[in-house]
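Q: Would you mind keeping the following structure in view while I ask a few things?
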Amino acid sequence: MTDKPTYLTRDGRAKLEAELEELTTVERKHIAERIAAAKELGDISESGEYEDAKKSQSLLEGRIRDVKHILSRAELIDEVSVGNGEVRVGSSVTVRMEDDTEDETWTIVGSAEANPRQGRISNESPIGSALLGKRARHKVTVQTPSGVMKLTIVKVK
């Protein structure tokens, strides 16, 4: 895991803290009960339920470790001070793609909160990093995995 900071909105931090609470209090208990029930059935060396529960436990503990790591190096995005007209983490950016008549609006967030389907793109993504530091009316060319994109920044807030 990397030690560079993870940018989070207040809402994103609250969601991760709630997820961590759910994982450590509810999910751990549920998986422990599954393991205990599988052990009661007898020979665990041939128990599919026991193996499944242990795999679930491993995945759960991995996610708990990841969320704790993210939270330990989280830097909150000051959403109030992002309005200087320059694209920064926390900014909402309206762009128009070349040869398109419709605008799209994206919010630049840290990688832990990125969800492109919800219009939240990572500051580390090709598009997010290309937009950082730019202002309205700037034209941006971005090399993405699916090819070159040409964008014009319409509005930053």
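Q: Please state, as a whole number in µm²/s, the translational diffusion coefficient that the Stokes-Einstein equation yields for region 62-116 at 25 °C and 0.890 mPa s, with Rh defined as the Kirkwood radius across alpha carbon pairs.
A: The Stokes-Einstein estimate is 182 µm²/s.
Q: Near the amide H of Ser125, under 5 Å away, which other amide H atoms are found, from residues 5 or more places off or on another chain, if H is placed in the peptide plane?
A: Residues meeting the criterion, in which the H sits 1.01 Å from N, do not exist here.
Q: With N residues in the chain, what two-decimal value do you get for its Cα radius of gyration over 2.2 N^0.38 Å?
A: Output field value: 1.42.
Q: While we're on this one: Please list, in order along region 126-141, the HN-Hα scalar couplings obtained from phi with the Karplus expression 6.51 cos²θ - 1.76 cosθ + 1.60 (θ = phi - 60°), rounded to whole Hz, x for Gly and Pro.
A: Using θ = phi - 60°, the values come out as x, 5, x, 5, 6, 7, 4, x, 8, 10, 4, 6, 6, 9, 10, 10 Hz.
Q: Once the Cα atoms of helix 10-22 and of the chain are each reduced to a long axis, what angle between those two axes, in degrees from 0 to 90 to the nearest 10, is obtained?
A: That helix lies at roughly 10 degrees to the long axis.
Q: Over 10 Å intervals from 0, what percent of Cα-Cα pairs in region 1-47 sits in each interval?
A: Going out from 0 Å in 10 Å bins, region 1-47 shows 22, 27, 24, 17, 10 percent.
Q: Just the number, please: Stokes-Einstein D of region 6-76 in µm²/s, Kirkwood Rh from C-alpha pairs, 20 °C, 1.002 mPa s.
A: Reported coefficient: 159 µm²/s.
Q: Which whole-number value in Å³ per residue fits the convex hull of the alpha carbons of region 92-156? Write out the running numbers ahead of the final one.
A: Details: hull volume 5.3 nm³, N = 65.
Output value, Cα hull per residue: 82 Å³.
Q: Let me ask another. Using helices alone, I'd like the mean residue ellipticity at 222 nm for the chain: each DSSP H run of four-plus residues gives -39500 (n - 2.57), total over residue count, nearest 500. Mind showing how you got there, number by number?
A: Numbers: 4 runs with 57 residues, N = 157.
It lands at -12000 deg cm²/dmol.
The numbers here are math on the coordinates, done by the rules we state, and not lab data. Fair warning: this is a prediction, and the values are worked out from it, not measured in the lab.
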